[in-house]
Amino acid sequence: MSDLSRHVDDYLRLRRALGFKLEWPGHLLPQFLAHLDAAGSATLTAELAISWARLPQGVQPLHWAHRLGAVRGFAMYLKTIDPTTEVPPPPRDVFGARERRPTPYLWSHNDICRLLAACRCLRPLLRAATHEALFGLLAVSGMRRGEAMSLRRDDVDLDEGVLTIREAKFGRSRLVPLHPSATEALRSYAVRRDQMCPAPRSMTFFVSSVGTALTPDGVNTTFVQLTTAIGLRTPSSRPRIHDLRHSFAVRTLIEWHRSAIEAESRMALLSTYLGHVNPAGTYWYLSAAPELMELAATRLDDRFGGSP
């Protein structure tokens, strides 16, 4: 193993110990080292990093930026060990690419009801029950798709109505209390699941029609199928599973504002419930719905007496 390979392993191990998963850099950095080796260079240079980032053709500049960003993070670490290392400039300065959050589709109560009703038309019946319970849970809890899919049976306490999310984003774990109606829906699913699949091949709470753990591609394919069937997915409207999480957060904030609850004092609570690292990630939802922005503006007018 070369010195650079050892440094990459040490860098990934250190960052992962701090809670970062680094799946993308872990995949890319060995490829970049191979590029350095092919170029006959034992030193990381900005020129080689940029040329490697540009290798894929027919992609958006943002893709190049992500590749360069992975190398730049490693280069900043490596420079503390090898002063000859060159740290590439920020990807946006090289490629002019800025990542923009997609505009979320805000799910109405009626939209969610239609989605769950469509789930009940799926076959086999276990597939129908699983997706109805899964999408229903995402809608009422704001959980990430991967968090729900990864739940194991002993993570779901139906007596206390609490879910345990283990090793979520940034390696953080948390407890998610549920409304009694959500707990009862999960209890009903568990009974039906065990009746239809008494000998599952996976101990995840949600299972496929053959008793295995769900896969992201499989769940997404079903979601696209359902949203197309009920008319929500059009050339101009592309709902995502993650939008159920956005909608939960926006709906919670709207209810707080309508109830004259000081949302600012509860943002940390909502951030913790959603699993955000800090409230900054939660505040973004303030700009996600015109109704929410209007309610927030009205609260400010009431507090400060409006414009002079």
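The values are calculated or read from the model by the stated rules, or taken from the named source; none is laboratory data. Source: prediction; values computed, not measured. Here the Cβ is made from the backbone with ideal geometry for all residues, glycine too, and neighbour counts use every protein chain on show. Each accessible area value is taken on the protein alone, full model and side chains, heavy atoms only, with ligands, DNA and RNA left out. Shrake-Rupley method; radii C 1.70, N 1.55, O 1.52, S 1.80 Å.
What residue, among those in region 139-163 that are closer than 25 Å to HIS109 by Cα and among the charged types (D, E, K, R), is nearest to the chain's Cα centre (by Cα)? Once the filter is applied, the top-ranked residue is ARG144.
For region 30-37, indicate whether the set of residues that are open to solvent by 40 Å² or more (accessible area, probe 1.4 Å) and charged (D, E, K, R) is non-empty. Checked against the condition, which is being open to solvent by 40 Å² or more (accessible area, probe 1.4 Å) and charged (D, E, K, R), region 30-37 yields at least one hit. Exactly one residue out of GLY96, GLY136 is surrounded by 13 or more Cβ atoms within 10 Å (Cβ to Cβ) and either at pLDDT 95 or above or closer than 30 Å to GLU47 by Cα (or both), and it is GLY136.
Restricting to region 73-90, what's the tally of residues that are crowded, with 20+ Cβ neighbours inside 10 Å and of a type in the set (D, E, K, R)? Total satisfying the criteria: 0.
Which residues, taken from region 102-121, are open to solvent by 70 Å² or more (accessible area, probe 1.4 Å), outside any loop (DSSP other than H, G, I, E, B) and without any contact (Cβ under 8 Å) to a residue 24 or more places away in the chain? Across region 102-121, the qualifying residues are HIS109, ASN110. Give the residues of region 38-66 that are small (Gly, Ala, Ser) and open to solvent by less than 80 Å² (accessible area, probe 1.4 Å), sorted by residue number. If the condition is that a residue be small (Gly, Ala, Ser) and open to solvent by less than 80 Å² (accessible area, probe 1.4 Å), then ALA39, GLY40, SER41, ALA46, ALA49, SER51, ALA53, ALA65 are the ones that fit. Whether any residue in region 214-224 is on the phi < 0 side of the Ramachandran plot and assigned to a loop (DSSP other than H, G, I, E, B) is what I want to check. Yes, region 214-224 contains a residue that is on the phi < 0 side of the Ramachandran plot and assigned to a loop (DSSP other than H, G, I, E, B). Once region 179-229 is narrowed to residues that are without any contact (Cβ under 8 Å) to a residue 40 or more places away in the chain and aliphatic (A, V, I, L, M), the residue that is farthest from ARG114 (Cα to Cα) is ALA199. Among the residues of region 201-210, those that are in contact with a helix residue (DSSP H, G or I) (Cβ under 8 Å, 6 or more places away or on another chain) and not aromatic (Phe, Trp, Tyr) comprise MET203, THR204, VAL207, SER208, SER209. Report yes if some residue within region 227-243 is open to solvent by 20 Å² or more (accessible area, probe 1.4 Å), in a helix (DSSP H, G or I) and among the acidic types (Asp, Glu); otherwise report no. Checked against the condition, which is being open to solvent by 20 Å² or more (accessible area, probe 1.4 Å), in a helix (DSSP H, G or I) and among the acidic types (Asp, Glu), region 227-243 yields no hits at all. Restricting attention to region 12-22, does a residue exist that is open to solvent by less than 30 Å² (accessible area, probe 1.4 Å), at negative phi and part of a helix (DSSP H, G or I)? Taking every residue of region 12-22 in turn, at least one turns out to be open to solvent by less than 30 Å² (accessible area, probe 1.4 Å), at negative phi and part of a helix (DSSP H, G or I).
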